Amino acid sequence: MFRRVLIANRGEVAVRIAATLRAMGVSVAALYSDADRGARHVRDADVAASLGPAPAAESYLDVDAVLDAAERLGADAVHPGYGFLSENPDFAEACRGRGIAFIGPSASSMRAMADKVEAKRRVSAAGVPTLAGRSLEDDAEASLRAAAEAVGFPLVIKPSAGGGGKGMHVVDDLDGLARTVPVAAREARAAFGDPRLFVERFLGRTRHIEVQVLGDAFGHLIHLGERECTLQRRHQKVVEECPTTGLAPGLREALLRSALEAARAVDYVSLGTVEFLVPVGSEDEYYFIEMNTRLQVEHPVTECVTGLDLVEEQVRVAAGEPLRLGQADVVLRGHAIEARLYAEDPGHAFLPTSGRVTHVHVPERAGVRVDSWIERGAQVSTHYDPLLAKVIAHGADRAEALGRLEGALRATRVAGLSTNLAYLGRLLARPEVVEGRLDTGLLDRVTDEVAREALEGVDRPLAAVAYALASVARAATSGGDPVWTARGAWRPGGVAEAVVRVVVGGTGELVVTVRGTPESAEVSVRAPDDARPLLGPVRVRARGEDAGDGATGHLLEVDGVVHHVVTVEAPGATEVWLDGEVTAVSRAPTGAARPAGGAGDPGRAADLVSPLPGTVTRVRCAPGDAVSGGDVLLVVEAMKMEHAVVAPRDARVTAVLVAPGEQVAAGQRVVELGPPEGGEPAP
């Protein structure tokens, strides 16, 4: 067995691999870029080495730098994880050239499967069904036309050197192919260090089903069942499960058999995954699409139902050990489903987000596993994949696993940046998902609706009440006592009346009126220009508690119904978690009648907020400036995309609340506007 293994990766997968290595008694060596200095995977290791600058091309994708670090740290093996160099045969060869074991297949097997056209030729010769495909030699018109004629439209462009959905694009004609190839090549180079592409016939409604295989150097090769990976958005897997449901028994057996034949076609030794497309409703039709010669992101669902540690099996095979089990020993028990938690904003076309994590809570309950790298204070960078965590649930059957996963997601909290958490919860509740009516285009058809439901899911008046009660109590609190238990928070006899004006989710202002004490308050909520209440007046009882990790928990009893609320302070806003949903709430400026972006009355003041978490890159205004409607006042960047904050109308800048380089949260106030020169505030 190895003495020390270098994990040539970062984030969640590095933390996951390190846990197994420690359990095996193997020393752990880690790598980090400047962006990851002090990250959890570094602290979890016995030793670690710096790779240099944050960009992946200058750190985690630098073969020489990685191997120099391995030698410096005394590692006798390297585990590549997934992504980065995990499917790079030159890296595998270079490891072995320096006398360092590569925990993965041989370079020759990797090359055979990395060249997608060669892979199809090999597996087809072994009797495995394939789709028509062709390599793109260059982006010249003649080459593109020849490839299109060989494959036919619609077709899909894929990177030759990697999988995982990165760099994949579906095109319908030659013009689209010519426009998209340069983009796909850049994406492939950024993700895998290799810009080569190939094209393949695109099928319509299909399921994406993959088979886990495991082989050793003694000729033993087994499968560990199949996984359903059909729920994808833009070719990126979002939810995976094991085993599949609704497959004809003969089709399932054919898939398992073909996966083993595909692996044998390249003399495969290690852990790997063979992927297929299956037309919806098919009894016997399926097509090989690729083999991933590495550990998969979704491997935990297979671990749950087989009881195996796939990383341990992978390490043992690389150390020269024979498989410890045969095909008859592989028994699938129950059902497991995994949801990927990403740093992305469903409200802004799923743009990746960045920022500092201010609060994390993951549930500890039966049948639930969370693989994660984030913790309070972790900095989510724009340089890497936005995967934060995987929430996995295991049950006796699919219904139980799905129920456990939904409950776990409701109990999960990540504050400080936008995530797809609420989106995942809404997605899993869709009838198509509950009933297993899946195809690879489902998410692209329903994502806008699901994202809108997620954004609108929070009870805005109740979120405003939670913020307002905490705000009133905090204003009267001296010292550091918790807001609900401080004796000075509420005057004897109650508060005569407190009015708190808030902006909820950056979409509109609400006015909250509070009378009484936290044990028995009368609360009403209305829009600023409408006397009719949206909520109340209702009786509210509030009780607070420490929610841990920088958060405050509240039990709000509204007309006899108890709601669980958690608030987390962030710069310029408070994140309010209410009954499993989350929104950002901030104090509206005095006299403001509209939130950012509202046209409103030109005689009133206004407040501009950041549309999403990110970094302020440019400020184009200063206090006292006269601005016109549509003027760009500042720019926020998130994951290399720029977002302008514009003046909703003619106005005068009264305050600029941020500076270039500052991190901002979604809904955080950034600029205050007053009436234009000569204008008077409305009464």
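Any read-out appearing in this document is the output of simple, stated calculations on the displayed coordinates, not a laboratory observation. Since this is a predicted model, take the numbers as computed values, not measurements. Cβ coordinates were reconstructed from backbone atoms using ideal geometry, including for glycine residues, and neighbour counts include every protein chain displayed.
Taking 0.36 nm per residue of separation and subtracting the Cα-Cα distance, full extension of the segment from residue 142 to residue 118 would add 6.4 nm.
Each residue of the range 532-547 is assigned a 3J(HN,Hα), and the resulting list reads 6, x, 7, 8, x, x, 10, 8, 10, 10, 10, 9, x, 7, 6, 8 Hz, derived from the Karplus form 6.51 cos²θ - 1.76 cosθ + 1.60 (θ = phi - 60°), x at Gly and Pro. Taking each residue as 0.36 nm, the span from residue 179 to residue 559 lengthens on full extension beyond its C-alpha to C-alpha distance by 130.9 nm.
Taking amide H as placed 1.01 Å from N in the peptide plane, the amide H of residue 570 sits under 5 Å from that of 575, each at least 5 places away or on another chain. Each residue, residue 153 and residue 131, gets one label point 7 Å from its Cα in the Cβ direction; the gap between the two is 1.7 nm. Which listed residue (160, 407, 428) has the Cα farthest towards the positive end of the charge dipole for the chain, taking +1 on Lys and Arg C-beta and -1 on Asp and Glu C-beta about the Cα centre? Value computed over the given set: 407. Considering only DSSP beta bridges whose two residues both sit in the chain, what percent are antiparallel, to the nearest 5? Antiparallel: roughly 90 percent of the beta bridges in the chain. Model label sites at residue 217 and residue 399, defined 7 Å from Cα along the beta-carbon direction, differ in position by 5.0 nm. Placing a pseudo-label 7 Å from each Cα along the Cα-to-Cβ vector at residue 68 and residue 172 gives an inter-label distance of 5.0 nm.
This model, with +1 at the C-beta of Lys and Arg and -1 at the C-beta of Asp and Glu, gives the chain a dipole about its Cα centre of some 840 debye. Counted over the range 206-456 with a bin width of 5 Å, the fraction of Cα pairs per bin, in whole percents, is 1, 6, 13, 17, 18, 17, 13, 9, 5, 2, 0, 0. Counting beta carbons within 10 Å around each of 504, 171 and listing the fewest first gives the order 171, 504. Phi angles of the range 373-381 translate, via the Karplus equation with coefficients 6.51, -1.76, 1.60 and θ = phi - 60°, into HN-Hα couplings of 10, 7, 7, 4, x, 5, 9, 8, 8 Hz per residue; Gly and Pro are given as x. Computed from backbone phi, the HN-Hα couplings of the range 574-585 come to 10, 8, 10, 9, 10, 6, x, 10, 9, 8, 9, 10 Hz, rounded to whole numbers (Karplus: 6.51 cos²θ - 1.76 cosθ + 1.60, θ = phi - 60°; Gly and Pro given as x).
Given +1 at the Cβ of Lys and Arg, -1 at the Cβ of Asp and Glu and no other charges, the dipole of the range 136-272 around its Cα centre is 360 debye to the nearest 20.
Listed from fewest to most Cβ neighbours within 10 Å, the set 166, 390 follows the order 166, 390. Against the set (i) 51, 34, 21; (ii) 56, 29, 27; (iii) 49, 28, 25, the structure's computed semi-axes √(5λ) of the Cα gyration tensor in Å falls on (iii). Annotated for the chain: lysine pairs at least 8 residues apart or interchain, Cα distance under 21 Å, count 11. By other beta-carbon atoms within 10 Å, ranking 643, 394, 299 with the fewest at the front produces 643, 394, 299.
Determine the gain in length on full extension of the stretch residue 435-residue 530; use 0.36 nm per residue of separation and subtract their C-alpha separation, reporting nm with one decimal.
Length gained, residue 435 through residue 530: 29.8 nm.
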